[in-house]
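Beneath this line is the structure, given in structure tokens, with notes to follow.
The values are calculated or read from the model by the stated rules, or taken from the named source; none is laboratory data. Predicted model, so just to flag it, every value in this text is computed and none were measured. A quick note on method: Cβ atoms are made from the backbone with ideal geometry, for glycine too, and the neighbour counts reach across all protein chains shown. Each accessible area value is taken on the protein alone, full model and side chains, heavy atoms only, with ligands, DNA and RNA left out. Shrake-Rupley method; radii C 1.70, N 1.55, O 1.52, S 1.80 Å.
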Amino acid sequence: MIYEKSHSLFNEAKKYMPGGVNSPVRAFQAVKREPLFIKSGKEGHIFDADGNSYVDFVCSWGPGILGHAHPRVIKAVQKACEHGLTFGAPTEKETELAKLISSLMPSMEMLRLVNSGTEAVMSVIRTARGFTGKNKVIKFNGCYHGHSDCMLVKAGSGLLTQSIPSGSGVPENCTRDTLVAEYNDISSVERLIESNKGEIACVIIEPAAANMGVVPPKKGFLKELRKLTEENGILLIFDEVITGFRLSPGGAQEYYGVKPDLTTLGKIAGGGMPLAVYGGRRDIMEKVAPVGKVYQAGTLSGNPIAVTAGIETLKILKENKDIYSEIERKSDILEKAFKDSGFNVNRVGSLLCPFFTDKKVQTYDDALSSDTEKYAEYFSYMLEKGIYIAPSQFEAMFVSYAHTDEDIEKTAECIAGAGKFIFNS
Ligand SMILES: *Cc1c(COP(=O)(O)O)cnc(C)c1O
């Protein structure tokens, strides 16, 4: 394939934006290539500046569960645009979206709309701290919760007791109260609770981890976490920015039958527009300003265009419950293709990830044992064949309702080819 136009657009972009991109993983550094500049998308496909077409399994990192440019969503957005883009005042549609979310995910008794997953997480943690009057937060190694200061941590060498900033520009003061536990290891949570008795506001987790590759929760892990937090007066927050409306209409909490106190949503919730959500128990959300004293605000929060895209997308998901069995069926075909071709693959619903390690991947350390050079080879093989997958080992492959049986068949064939190329050479 030829990537001339993308190459020259990239050179120009690099002059004005760090790395030529507006979010680091887009730069393709992890797979030692240059990014493609995308011109358009239609259903399960995207088209780059050079006119190459790809079956798209990035789906904008999750939002694209219905594929690109769904006619109903586009039409609703176009119509909404004609009435003005933003007012900074309440609109009826915000309540419509809130009701819709609440009907799909009953734990969301009360919620607030914000603009990004990062903002939702930052705000939900403030709310949990405000409600409990406690400062410490437990997160899990390998879970990503956006880029707010207190979430940018990695486990320190002090065996899960101390966390350290995972990048420069994050003061240690900001991460001092963030404790890091091991995903799928309930005893690591018990130890942290024991050594920080009465000081922990909340535990935040991706109920199915999808930012260290895809790592499902072990059977019973989330239920044990629910029990442990409840017994200790600690709030449980599910960060469902990826899993919300993806694993089921009611997200991972419906899929696994575990009810958190608070939840964050994003990605699919905005139907492709910048929109995210935090919410949960009414008694907790009533602590948020102007009812309570936990401050949070946003000029563009509840933006009418984003809200319209969200409503239309969620309505389609609500009206067509077969969407979930369909994407599961297609994902199952891909999972089989991976397995038959010698890959070590994890799958939860329509999220997949092949790892290049002999270990069964259940923790962050297991994920880190994957051979990322091999992932880069796999990535390039697929790209050259017209299959667009995440340019990093530590991301998910997203299957959408718009992927046709033909798309899935072609992808399965490419996976088989990639397996031969990587494992038999
Ligand atoms: C993407 C993501 C975020 C951050 O959302 P942004 O909209 O990129 O700020 C937070 N949590 C999880 C689980 C995510 O996958």
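What nm distance separates the two modelled labels at Asp50 and Glu326, each placed 7 Å from Cα along Cα→Cβ?
3.3 nm
Round to the nearest 10 and report in Å² the accessible area of Asp371, as given by a 1.4 Å probe over the protein chains' heavy atoms.
60 Å²
Mind jotting down the distance between the C-alpha centroids of segment 112-152 and segment 310-371, whole Å?
Between the Cα centre of segment 310-371 and that of segment 112-152, the gap is 26 Å.
Pairs of Cα atoms under 8 Å, at least six residues apart: use those to get the relative contact order of the chain, whole percent.
Values: 852 pairs, mean separation 94.0, N = 425.
The value is 22 percent.
Determine the dipole magnitude for segment 71-319: charges of +1 sit on the beta-carbon of Lys and Arg, -1 on that of Asp and Glu, nothing else is charged, the reference point is the Cα centre, and the result goes in debye to the nearest 20.
Values: 29 positive and 26 negative charges, 41 e Å.
Dipole about the Cα centre, nearest 20: 200 debye.
With θ taken as phi - 60° and the coefficients 6.51, -1.76 and 1.60, list the Karplus ³J(HN,Hα) couplings across segment 55-65 in order, rounded to whole Hz; mark glycine and proline as x.
Whole-Hz 3J(HN,Hα) from phi for segment 55-65: 7, 9, 10, 8, 6, 6, 6, x, x, x, 5.
Could you sort out which of Lys315/Lys359; Lys360/Lys410; Lys42/Lys321; Lys139/Lys410; Lys218/Lys293 sit more than 29 Å apart by Cα distance in this structure?
Lys315/Lys359; Lys139/Lys410; Lys218/Lys293
Do the sum for the chain: with -39,500 (n - 2.57) for every DSSP H run of n ≥ 4, divided by all residues, what is the mean residue ellipticity at 222 nm, to the nearest 500 deg cm²/dmol?
Working: 14 runs with 160 residues, N = 425.
Calculated at 222 nm, the ellipticity per residue is -11500 deg cm²/dmol.
Under a point spin-label approximation (7 Å from Cα along Cα-to-Cβ), what is the Glu194-Ala289 distance to one decimal in nm?
Taking the two extended label points, one gets 4.1 nm.
How large is the dipole of segment 209-281 about the Cα centre if only Lys and Arg carry +1 and Asp and Glu carry -1, each at its Cβ, rounded to the nearest 20 debye?
Numbers: 9 positive and 7 negative charges, 37 e Å.
Computed about the Cα centre, the dipole is about 180 debye.
If the label point is 7 Å along Cα→Cβ of Asn424, which residues in segment 331-370 have backbone nitrogen under 12 Å from it?
Within reach of a label on Asn424, which here means backbone N under 12 Å from a point 7 Å along Cα→Cβ, segment 331-370 contributes 341-342.
For a Förster distance of 35 Å, can you work out the FRET efficiency between the beta-carbons of Lys360 and Ser103, rounded to the nearest 0.05? Intermediate results must be reported in sequence, preceding the final value.
Numbers: r = 37 Å, r/R0 = 1.07.
After rounding to 0.05, the efficiency reads 0.40.
Just name one of Thr264, Pro24, Ser369: the one whose Cα is farthest towards the positive end of the charge dipole of the chain (beta-carbon charges, Lys/Arg +1, Asp/Glu -1).
With unit charges placed on the Cβ atoms, the residue in question is Thr264.
For the pairs Lys134/Lys287; Lys339/Lys385; Lys259/Lys336, note any where the Cα-Cα span goes beyond 24 Å. Please report the intermediate quantities before stating the final value.
On the way: Lys134/Lys287 14 Å; Lys339/Lys385 20 Å; Lys259/Lys336 31 Å.
Check vs 24 Å cut-off fails for Lys259/Lys336.
Starting from segment 42-108, pick out the GluC sites (Glu not before Pro) whose DSSP state is loop and whose Cβ has at most 16 other Cβ atoms within 10 Å. Walk me through the numbers on the way to the answer.
Details: sites: Glu43, Glu82, Glu92, Glu94, Glu96; in loops: Glu82.
Counting only loop positions with at most 16 other Cβ atoms within 10 Å, the GluC sites (Glu not before Pro) in segment 42-108 are Glu82.
Count the net charge of all other residues whose Cβ sits under 15 Å from the Cβ of Ser369, scoring Lys and Arg as +1 and Asp and Glu as -1.
Values: positive: Lys359, Lys360, Lys374; negative: Glu182, Asp358, Asp365, Asp366, Asp371, Glu373.
Around Ser369, the surrounding residues sum to -3.
Which whole-number value in Å² is the accessible area per residue of segment 71-319, probe 1.4 Å?
On the way: 10440 Å² over 249 residues.
It amounts to 42 Å² per residue over segment 71-319.
Could you give the alpha-carbon Rg of segment 71-319 over 2.2 N^0.38 Å, rounded to two decimals? Let's see the in-between values first.
Values: Rg = 17.9 Å, N = 249, 2.2 N^0.38 = 17.9 Å.
Dividing the Cα Rg of segment 71-319 by 2.2 N^0.38 Å gives 1.00.
With a ≥ b ≥ c taken as the square roots of the eigenvalues of the C-alpha gyration tensor of the chain, please select rounded if a/c is under 1.5 and otherwise prolate if a/b is larger than b/c or oblate if it is not?
Oblate shape, in that a/c is at least 1.5 and b/c is the bigger or equal ratio.
Ignoring ligands, DNA and RNA, please state the percent of accessible area on the chain from carbon and sulfur, probe 1.4 Å.
Values: 9690 of 18590 Å².
Summing carbon and sulfur atoms, their accessible area is 52 percent of the total for the chain.
Students often check this: by mean Cβ neighbours within 10 Å, which of 134-141, 180-187 ranks highest, and how do the rest follow?
Ranking, from highest mean packing down: 134-141, 180-187.
What FRET efficiency, computed as 1/(1 + (r/R0)^6) with R0 = 30 Å and r the Cβ-Cβ distance, is obtained for Ile2 and Asp340, rounded to the nearest 0.05?
0.40
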